[in-house]
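Colleague: Handing you a structure now.
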Amino acid sequence: MPTRRLGCLFALVFATACPCLCKAAERQPNVIVILTDDQGYGDMSCHGNPWLRTPNLDRMHAESVRLQNYHVDPVCTPTRAALMTGRYSSRVGAWAVTQGRQLLRRDEVTMADVFAASGYKTAMFGKWHLGDTWPYAPRFRGFQEVLRHLAGGIDEIGNPIENDYFDDTYYHNGVQEQRSGYCTDVFFAACEQFITTHAGERFFVYLPLNAMHSPHTVADKYSAPFLEQGHPPVRANFFGQIINFDENLGRLFQTLEDQDVADNTIVIFMGDNGTAQGFATVEPDDGFNAGMRAKKGSVYDGGHRVACFVRWPKHLDAGRDVSQLTCCRDWLPTLVEMCDLTLPREVDFDGENISPLLQGNDDPWPERTMFVERQADQPKMATRPIEKGRRPNYAVLTERWRLVNGELYDISNDPGQNNNVASEHPERVEALKKQYEQYYNDVFANDGEYTRFPVGKPEHNPIRLTVRDWHPTHGNVIWKQEQLADDELWINGFWAIDVGQAGNYGIRVSRFPDDAKAPMKAKQVRLRVGEIERTQNVHPTDVSAEFSTRLEAGHHIVQAWLTDAATGKQRGAYFVELEYLGNE
């Protein structure tokens, strides 16, 4: 499929087309990208929510260009991958939230790479969810300052076991560090400190928050008003998280003003997918979803059409709506233009430069076709026959039409996607299906090749792998800390690794993390790395098993089996650590 190739010629082209923005770009504005988790289009008062009062989001809405037909992926990792690269998440390897498919391929250029190559100070505070080890972690992807949690949530497997959204242990430039306070407050405070420190320089801040993700933990003072209104506790907490975020957004705006950088700072706000709790998909529904069908995880619009506000005082017209089809992949090519950035190497973007739309250029905007899909570990073309029990999960988007799993909706007349008109427009259905198949063959041209964990590099040694990262072979994956202790859970999977150098390796397997060591309750441990297989008898009270073996350089599959002492059944080892020991 066609893509846009950006390079140094853009500066010349843009100078002619948009001289006012180019003149501003000579000063290279600061940029802050705010990404909230699980906050849908309707989860704010400026979009008509009858219960929420979000004065600072409302202020940003009033002071911004608003993208009203703006789309992301239906869940968090793919949106983050697409936003950071300007390319389809399926193309860059990160199309799922677990299963080893949440890793952003190491050869992709990120938004932070581009800003860093252009002389900006770069920082990220919050939820990365594109890989936690070298070379996938954000400090290896162009960010010079990082404060974050691991995995997909502060309290998920891979993070310190005691994390619960308050007074948690984070990773500051790769080093564990305890911070006092509520998670959203912590990330905003770090962001504001970074801005204060670098106010006299050009800076790029990526602020992808873990709120409003489950378990929707928040201080009682934020949730209490919604409980009093009669909302169920989960939704009350979810709304409380939004109120806390809104307060922090106001403090961020005040910091920009205090540091005298507000007028030359582009602030972009967006959600990462549809609402998680603001709307129920079962009857009767008593929530609010701005008239859209479905929610997070769905390929109907309610799963991927989200809010997006762009604030740049004195440069972009406040309060103007853009109705054309846009998406999160558009931001990197757009910021390359608006900020006069230098690409470290040529990139084939799937997104478009939408700066003419932001500027209000009256030139005709070309018709676009976009694709949204949900894929599991092994990708499948959704329009072809698939195995029993698995349903198609894709959508094709144009300005007028939505093809959703073979259903067709005229979105201009039916924004709620209530009336399937596929039988009335069979030629349109077939044409959109064909476009989807062309897209699929393009983005999965490598047939879903594994994104592998590199091991054996001395300066990044050892490498720890968790159950969240495996490709499932029996059952699925788990991500909640409490699931580790479920004695009735019999699942397994493998990790794909890339051994960088041949040599001797120590491999330690366990069921529980090092900060919560507990007996594996196993009588035997079996380990396989490529063609090498080792078995070791253990005592049920042992907390781990250690193996030593020589590994040759190249691609290998790692898998381990724990034979339960009580039942004889097998589960996988949830943690595997590989350490290069040398080549003697």
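The values are calculated or read from the model by the stated rules, or taken from the named source; none is laboratory data. This is a predicted model, so every value here is computed, not measured. Here Cβ is always computed from backbone atoms with ideal geometry, including for glycine, and neighbour counts include all displayed protein chains. For the accessible areas, the whole protein counts, side chains as well, though only heavy atoms, and no ligand, DNA or RNA atoms are used. Shrake-Rupley method; radii C 1.70, N 1.55, O 1.52, S 1.80 Å.
Colleague: Go ahead and run the numbers for FRET between ASP348 and ALA566, Cβ-Cβ distance against an R0 of 45 Å, rounding to 0.05.
Modeller: Numbers: r = 54 Å, r/R0 = 1.21.
Once the sixth-power term is evaluated, E becomes 0.25.
Colleague: Using a 1.4 Å probe on the protein heavy atoms only, what accessible surface does PHE203 show? Give it in Å² to the nearest 10.
Modeller: Surface open to solvent at PHE203 totals about 0 Å².
Colleague: For the range 421-521, just list the percent of Cα-Cα distances falling in each 10 Å bin from zero outward, please.
Modeller: Computed distribution, short to long bins: 11, 27, 24, 17, 12, 7, 1.
Colleague: Just the number please: accessible area per residue for the range 497-572, 1.4 Å probe, all protein chains included, in Å². Could the numbers behind the result be given before it?
Modeller: Working: 3560 Å² over 76 residues.
Value returned for the range 497-572: 47 Å² of accessible area per residue.
Colleague: Then there is this: What FRET efficiency comes out for ASP498 versus HIS172 if R0 is 25 angstrom and r is the Cβ-Cβ distance? Round to the nearest 0.05.
Modeller: Numbers: r = 28 Å, r/R0 = 1.11.
Result of the calculation: an efficiency of 0.35.
Colleague: Obtain the radius of gyration and the Kirkwood radius of the range 142-276 from its C-alpha atoms and give Rg over Rh. Please report the intermediate quantities before stating the final value.
Modeller: Values: Rg = 15.8 Å, Rh = 16.1 Å.
Looking at the range 142-276, the ratio lands at 0.98.
Colleague: Express in Å², to the nearest 10, the accessible area of ARG106 obtained by rolling a 1.4 Å probe over the protein heavy atoms while all chains stay in place.
Modeller: Number for this one is 120 Å².
Colleague: Strictly over 31 Å apart at the Cα level, which of LYS127/LYS221; LYS295/LYS433; LYS296/LYS523; LYS295/LYS480; LYS127/LYS380 would you flag in this model?
Modeller: Correct reply: LYS296/LYS523.
Colleague: Rule-of-thumb check for the range 224-377: C-alpha Rg over 2.2 N^0.38 Å?
Modeller: On the way: Rg = 18.7 Å, N = 154, 2.2 N^0.38 = 14.9 Å.
So the Cα radius of gyration is 1.26 times the expected 2.2 N^0.38 Å.
Colleague: Using protein chains only and a probe of 1.4 angstrom, how many square angstrom of LYS517 are accessible, to the nearest 10?
Modeller: Answer for LYS517: close to 130 Å² accessible.
Colleague: Could you give the length gained on full extension between ILE557 and SER423, defined as 0.36 nm per residue of separation minus the Cα-Cα distance, in nm? If you can, show how the numbers build up before the last one.
Modeller: Numbers: separation 134, 0.36 × 134 = 48.24 nm, distance 4.70 nm.
Gain on stretching ILE557 to SER423: 43.5 nm.
Colleague: Additional query: State the antiparallel share, in %, of DSSP beta bridges confined to the chain, rounding to the nearest 5.
Modeller: Working: 72 of 102 bridges.
Antiparallel bridges: around 70 percent, rounded to the nearest 5.
Colleague: Which value, in Å to one decimal place, does the Kirkwood hydrodynamic radius take for the range 462-584 when every pair of different Cα atoms is included? Before the final figure, lay out each step's value.
Modeller: Numbers: mean 1/r = 0.0688 Å⁻¹.
For the range 462-584, inverting the mean 1/r across all distinct Cα pairs yields 14.5 Å.
Colleague: Please list, ordered by chain and number, the residues whose modelled amide H lies under 5 Å from the amide H of LEU408; skip anything fewer than 5 residues away on the same chain.
Modeller: Sorted by chain and number, the residues that satisfy this are VAL421, ALA422.
Colleague: When the expected Rg is taken as 2.2 N^0.38 Å, what fraction or multiple of it is the alpha-carbon Rg of the chain? If you can, show how the numbers build up before the last one.
Modeller: Details: Rg = 24.1 Å, N = 584, 2.2 N^0.38 = 24.8 Å.
So the chain has a normalised radius of gyration of 0.97.
Colleague: Please report the orientation-averaged projected area of the range 279-331, defined via the convex hull of its C-alpha atoms, in nm².
Modeller: 5.1
Colleague: I'd like the distance separating the alpha-carbon centroids of the range 326-357 and the range 121-141, in whole Å.
Modeller: So the separation of the two Cα centres works out to 21 Å.
Colleague: Relative contact order (percent) for the range 389-432, with alpha-carbon contacts under 8 angstrom and 6 or more residues of separation? Working shown, then result.
Modeller: On the way: 51 pairs, mean separation 11.9, N = 44.
Worked out over the range 389-432, it gives 27 percent.
Colleague: Can you give the angle from 0 to 90° between the axis of helix 233-258 and the longest principal axis of the chain, with both taken from C-alpha atoms, to the nearest 10?
Modeller: That helix lies at roughly 60 degrees to the long axis.
Colleague: Going by alpha carbons, how many degrees (0 to 90, nearest 10) lie between the helix axis of 183-197 and the longest principal axis of the chain?
Modeller: It works out to around 60 degrees.
Colleague: Moving on. Could you provide, to the nearest whole Å², the per residue accessible area of the range 70-157 with probe 1.4 Å?
Modeller: Numbers: 1440 Å² over 88 residues.
Normalised by residue count, the accessible surface of the range 70-157 is 16 Å².
Colleague: From Cα pairs below 8 angstrom and at least 6 apart in sequence, can you work out the relative contact order of the range 265-373, rounded to a whole percent? If you can, show how the numbers build up before the last one.
Modeller: Numbers: 122 pairs, mean separation 23.8, N = 109.
The normalised contact order for the range 265-373 reaches 22 percent.
Colleague: Which percent of the accessible heavy-atom area of the chain goes to carbon and sulfur, probe 1.4 angstrom?
Modeller: Working: 10510 of 22390 Å².
After summing per-atom areas, the C and S share lands at 47 percent.
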